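Asks: Take this structure, written in structure tokens, and hold onto it; I'll ask about it next.
The values are calculated or read from the model by the stated rules, or taken from the named source; none is laboratory data. Worth saying up front: this structure is predicted, and the values here are computed from it rather than measured. Cβ placement follows ideal geometry from the backbone for every residue including glycine, while neighbour counts extend to all protein chains displayed. Note: areas computed on protein heavy atoms with side chains; ligands, DNA, RNA excluded. Shrake-Rupley method; radii C 1.70, N 1.55, O 1.52, S 1.80 Å.
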Amino acid sequence: MTYRLSRNGQDLGIFALEELQRRRASGELNGTELVWTEGMVDWQPLDSVLPREAVSPTAPQSSAGQKSQSNKMLMVVLLVVGIFLACGMAIAWVGYRWIVRPSVRELVRQLPTTLSEAASGRVSAMDAARKPVMSDTNTLTATEAMKVSREFRMRQYVEGYKLRGDRNSECDVLALGLLSNWIACNYDGTVDTNLPPLSEMSDRLANDPACTDPVVLTAAAVNTVELHEAIRRLERATKGFENSKHLGYPKMYAIETLATKLMNDRTDRLPVLDAQALQHFQATLTDGSLRPEDQDQMADILVFGWGEGFFYRNAVPIYSAVKNQGDKFQWLALVLEGENEIGEAWKARGGGYANTVSESGWRGFSKHLALARKDFTRAWELKPNLPLAPCRMIYVSLGDSDSKEMRLWFDRTVAAQIDYGKAWDDMRWGLRPRWYGDMDSMLAFGVTALNTRRFDTDVPRKFFDSVKDVESELKLPPDQHIYEREDVWPHFKELYEGYIAVPSAAAWSRDGWRSSYAVVAYLAGKFDVAREQLRALNWQPHPWNLTGWSRDLTIMPLEVAARTGPQSQSVEAAEALREAGDVAGALKMYDRLAAITNTDTMTMEFAKERQASLGKEKHLQAGEWVPFLPADKDFTGWQVNFGKCAVLPDGALEVRSDENGHMLYSRVRLGAEFEVRGSFEVVSSTSKAFQGGLVMGIPQYETYDWYAFRIKRNSDEGDVASFSEHWTKQQILAPVNLDSRTNRFDFRYRDGRVSATVDGREVFKNVRPPKDTSVTTNEFYLGLGAFNDSNSTVIRYHNVEVRELPNQ
């Protein structure tokens, strides 16, 4: 086993355990140095990991000397223990006097003040984590619950449109198809594949003068990919609802969906929209939208779903309206009132550490949690077959009890629905060290989920979530994992092979599990296992399984093939040089590999990919400006995510957008301090709107941990330069005067700040990004991309160059 060695903050390198033993015995090391290896929670003193004989002096001692030494050691130990206990008593007194306070002592069990209390907490957490999960034939699954949710939406939208809609024969069939497929896609129904995609149907209906029904316009709004167009359609829908025969539920949904998307005048408009939505909510209780058997649907919407913000802002009038309906909605009233009490408890306490909470804050916290406990307990007693109320009691127990009671309410939740996701999430949270557990109990709870063997549900996969939690507690970079650990990897094998072996699994589902298994095996360094799964997939893993790992995995199948092929030793050596930063050395090896004519096709292709990226990395390391556009028609060294791209004879890149715009990035690893310059030309646009720009980080449309710099023109924002998280509203904006044809840009990213010019005019100067994200700097990539404003464009990029900025 090898360890990384550090002394006085200086990294001394990686050493085998035997070498550390030798140096310790010779006196080169004194034992107080810090060491770390994969699987350790934190750095530890060297002597704590060395075998006892390695720490002992090399010269033998007489028995008298040994006895004297033992007596001295005993005195030292007793002295240290005495000091520790004295400090512990002092800390306990300070904690009691200034943090706990006698009147609210019971609320701070997360801060044990004695060794026995801390040990007891760990044992309790492990007991809670390891307790088997029980279920019976009456226990629901998410699949069964999803069916109920789907039927609820079908009644609200499809049946509502049929009975009360403004139907027109010119668009009626397409309108029904949009509503049915929208619900099927979101609630695990059967999609009519003979119909166009949802976004295409939405655009056709929104642009059809014959289609005026507000329910259809609402569906058309939420299924468009462009924010501003969605807002326009929702404005039309909410206006259309005013004189319609539709019931309260779709009206409330349209208004609150609009509220979540507003960009302009949000402060002024939000109270007005909430007031309208509250009227429609009250109507749902009497107009037939909401039936007594639908109470769990509305509770889920207001507590966890699209109505969560609406409820948070209007909790008292909402639950009061429900209470006024009497016994038929009693369960819902109790749940909503309990949820409000949770919010009030945390308002009283505040969000700071325990020692910042006032005595009155603790009293308010205790009071409101007690009221929440009363409401949720009563709701569970009324309907023990519904999981939401006992699930919220897990959260209440997190604030005022311990892991034992959390597990009690967890058991009651999963007895109602075994795969109720929020229950598993909250239980995992309570097992973190900051609450009642530690990393051992966190991982044990994941094993408990796996041990259910319920591969017909999402439960065994919860082991993956537990591993992810442990990684976050270890504060690992987002692209680093613990998958290869001896206490982790065997469980991953059991997890994935269990899902793959389900006899009733559809082919696409089994292939999805194989794809994820291949990725986890690859990240764990188990290349033979990854190869086995990729071969079963004909080397074509599902693309969506390759995203979200904070790593570029687009050529992972090629790398696995190369690492397990006839040139595996050479590939492994080249990759080791690349990871060590020896770009020139790795490039030489891949040049030789690419020249071998009798190797396998996938190794050859992988070598060419590495040649393309390493060649540019070599020039970047030298501080040179490097041409930054694809160099061949095969886009070697590039990943095209979407958009139709072509390299033109003059070296320009032409991109024809699809419904999401365009995005492609280079596999050249770029340091997080760089400068880019170039220009883009608007060849055509179906409207006056256009966008061009850069993407950086790990640019994957399905994730959010990447940045975008865009130069754009649209009817809502005008001419602006934007730097954003993903292509979202989390952005900084600067007005610009754009040319309708060609615009130049110079973009600089240094020390986490943004500077940029457009057509020679400064738009950003050392500006911080709009939001901290988990953008990794270990693998930082740069690409070209921009969104589309419900139009089609053809953009050409010219003379784009990049350079790494020198150290300041």
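Asks: Restricting to strands (runs of 3 or more DSSP E) lying wholly in the range 724-764: which have 1 or more residues that are without any contact (Cβ under 8 Å) to a residue 24 or more places away in the chain and either more than 24 Å from Arg796 (Cα to Cα) or of a type in the set (S, T, N, Q) (or both)?
Replies: Numbers: elements: 731-735, 742-750, 753-758.
Fully inside the range 724-764 and qualifying: 753-758.
Asks: Still on this structure, please answer the following. Using the structure shown, decide if Leu553 is in contact with a helix residue (DSSP H, G or I) (Cβ under 8 Å, 6 or more places away or on another chain), crowded, with 16+ Cβ neighbours inside 10 Å and not in a loop (DSSP other than H, G, I, E, B). Before the answer, list the steps.
Replies: On the way: in contact with a helix residue (DSSP H, G or I) (Cβ under 8 Å, 6 or more places away or on another chain): yes; crowded, with 16+ Cβ neighbours inside 10 Å: yes; not in a loop (DSSP other than H, G, I, E, B): no.
Against the criterion (in contact with a helix residue (DSSP H, G or I) (Cβ under 8 Å, 6 or more places away or on another chain), crowded, with 16+ Cβ neighbours inside 10 Å and not in a loop (DSSP other than H, G, I, E, B)), Leu553 does not qualify.
Asks: Could you list all residues from the range 421-445 that are open to solvent by less than 30 Å² (accessible area, probe 1.4 Å) and either among the hydrophobic types (A, V, I, L, M, F, W, C) or over 21 Å from Asp487 (Cα atoms) (or both)?
Replies: Those that are open to solvent by less than 30 Å² (accessible area, probe 1.4 Å) and either among the hydrophobic types (A, V, I, L, M, F, W, C) or over 21 Å from Asp487 (Cα atoms) (or both): Gly421, Ala423, Trp424, Asp426, Met427, Gly430, Leu431, Tyr436, Met442, Leu443, Ala444, Phe445.
Asks: Something else about it: Inside the range 258-289, can you point out the residues that are open to solvent by less than 10 Å² (accessible area, probe 1.4 Å) and in contact (Cβ under 8 Å) with a residue 60 or more places away in the chain?
Replies: Answer for the range 258-289, where residues must be open to solvent by less than 10 Å² (accessible area, probe 1.4 Å) and in contact (Cβ under 8 Å) with a residue 60 or more places away in the chain: just Ser289.
Asks: Shifting gears a bit: Can you give me the number of residues within the range 439-491 that are β-branched (Val, Ile, Thr) and part of a loop (DSSP other than H, G, I, E, B)?
Replies: To start, the set of residues in the range 439-491 that are β-branched (Val, Ile, Thr) comprises 447-448, 452, 457, 459, 467, 470, 482, 488.
Checking the rest, the ones that are also part of a loop (DSSP other than H, G, I, E, B) come to 452, 457, 459, 482, 488.
Selection size over the range 439-491: 5.
Asks: Let me ask something additional. Hey, can you tell me all the residues within the range 541-561 that are among the polar types (S, T, N, Q) and farther than 16 Å from Tyr665 by Cα? Give the steps one after another, and end with the answer.
Replies: Of all residues in the range 541-561, those among the polar types (S, T, N, Q) come to 545, 547, 550, 554.
Hit for the range 541-561 is Asn545, nothing else.
Asks: Output the number of residues of the range 495-513 satisfying the condition of being surrounded by 16 or more Cβ atoms within 10 Å (Cβ to Cβ) and more than 17 Å from Gly548 (Cβ to Cβ). Let's see the steps before the verdict.
Replies: Let us first name the residues in the range 495-513 that are surrounded by 16 or more Cβ atoms within 10 Å (Cβ to Cβ), namely 495-496, 498-500, 505, 510-513.
Add one more test, that the residue is more than 17 Å from Gly548 (Cβ to Cβ), and what stays is 495, 498-500, 505, 510-511.
Final tally of qualifying residues: 7.
Asks: Something else about it: What are the pairs with Cβ atoms under 7 angstrom where one residue, in the range 538-564, is at pLDDT 95 or above and aromatic (Phe, Trp, Tyr) and the other, located anywhere, is open to solvent by less than 30 Å² (accessible area, probe 1.4 Å) and in a loop (DSSP other than H, G, I, E, B)? Sequence gap at least six, or different chains.
Replies: As it stands, the answer is none, since no pair meets every condition given.
Asks: Then there's this: Which condition number in (1) in a helix (DSSP H, G or I); (2) surrounded by 13 or more Cβ atoms within 10 Å (Cβ to Cβ) is the one that Leu386 fails?
Replies: Failed condition: (1).
Asks: I need every pair where a residue in the range 635-650 that is within 15 Å of Val800 (Cα to Cα) has its Cβ under 9 Å from the Cβ of a residue that is of a type in the set (Phe, Trp, Tyr), sequence separation at least 6 or different chains.
Replies: Trp638/Tyr665; Val647/Phe635
Asks: Looking at the range 562-582 only, could you name the residues that are in a helix (DSSP H, G or I) and under 32 Å from the mean Cα position of the chain (by Cα)?
Replies: From the range 562-582, those in a helix (DSSP H, G or I) are 562-563, 568-579; that's our starting set.
Those that are in a helix (DSSP H, G or I) and under 32 Å from the mean Cα position of the chain (by Cα): Ala562, Arg563, Glu572, Glu575, Ala576, Leu577, Arg578, Glu579.
Asks: Is it the case that some residue within the range 261-278 is assigned to a loop (DSSP other than H, G, I, E, B) and within 18 Å of Asp166 (Cα to Cα)? Break it down stepwise before answering.
Replies: So the first thing to find is which residues in the range 261-278 are assigned to a loop (DSSP other than H, G, I, E, B), and the list is 262-265.
With the extra rule that they be within 18 Å of Asp166 (Cα to Cα), the set shrinks to none.
Checked against the condition, which is being assigned to a loop (DSSP other than H, G, I, E, B) and within 18 Å of Asp166 (Cα to Cα), the range 261-278 yields no hits at all.
Asks: Among the listed residues Val396, Val357, which satisfies the condition of being buried (at least 23 other Cβ atoms within 10 Å of the Cβ) and either modelled with pLDDT under 95 or touching a helix residue (DSSP H, G or I) at 6+ places or on another chain (Cβ under 6 Å) (or both)? Walk me through how you get there before you give the answer.
Replies: Values: Val357 fails: buried (at least 23 other Cβ atoms within 10 Å of the Cβ).
Being buried (at least 23 other Cβ atoms within 10 Å of the Cβ) and either modelled with pLDDT under 95 or touching a helix residue (DSSP H, G or I) at 6+ places or on another chain (Cβ under 6 Å) (or both) holds for just one of Val396, Val357, which is Val396.
Asks: Another question, then. If I ask for residues that are in a helix (DSSP H, G or I) and within 28 Å of the chain's Cα centre (by Cα), which ones from the range 533-550 would you list?
Replies: Step one: of the range 533-550, the residues in a helix (DSSP H, G or I) are 533-536, 543-546.
Selection gives Gln533, Leu534, Pro543, Trp544, Asn545, Leu546.
Asks: To continue, here is another question. May I ask you to list the residues in the range 664-703 that are over 20 Å from Trp625 (Cβ atoms) and in a loop (DSSP other than H, G, I, E, B)?
Replies: Scanning the range 664-703 gives Thr686, Ser687, Lys688, Ala689, Ile698, Pro699, Gln700, Tyr701, Glu702, Thr703.
Asks: Among the numbered criteria (1) surrounded by fewer than 19 Cβ atoms within 10 Å (Cβ to Cβ); (2) on the phi < 0 side of the Ramachandran plot, which one does Asn181 miss?
Replies: Single failed check for Asn181: (1).
Asks: Working only within the range 231-257, note down all residues that are farther than 17 Å from Gln156 by Cα and crowded, with 22+ Cβ neighbours inside 10 Å.
Replies: Result: Arg233, Leu234.
Asks: Here's another thing I want to ask about it. Of all residues in the range 766-790, how many are part of a loop (DSSP other than H, G, I, E, B) and modelled with pLDDT of 85 or more?
Replies: If we filter the range 766-790 for residues that are part of a loop (DSSP other than H, G, I, E, B), which is where we start, we get 768-780, 787-790.
Narrowing further to those that are modelled with pLDDT of 85 or more: 768-769, 780, 787-788.
Qualifying residue count for the region: 5.
Asks: Identify all residues within the range 345-354 that are of a type outside the set (Phe, Trp, Tyr), surrounded by fewer than 19 Cβ atoms within 10 Å (Cβ to Cβ) and not in a loop (DSSP other than H, G, I, E, B); write none if there are none.
Replies: Matches in the range 345-354: Lys347, Ala354.
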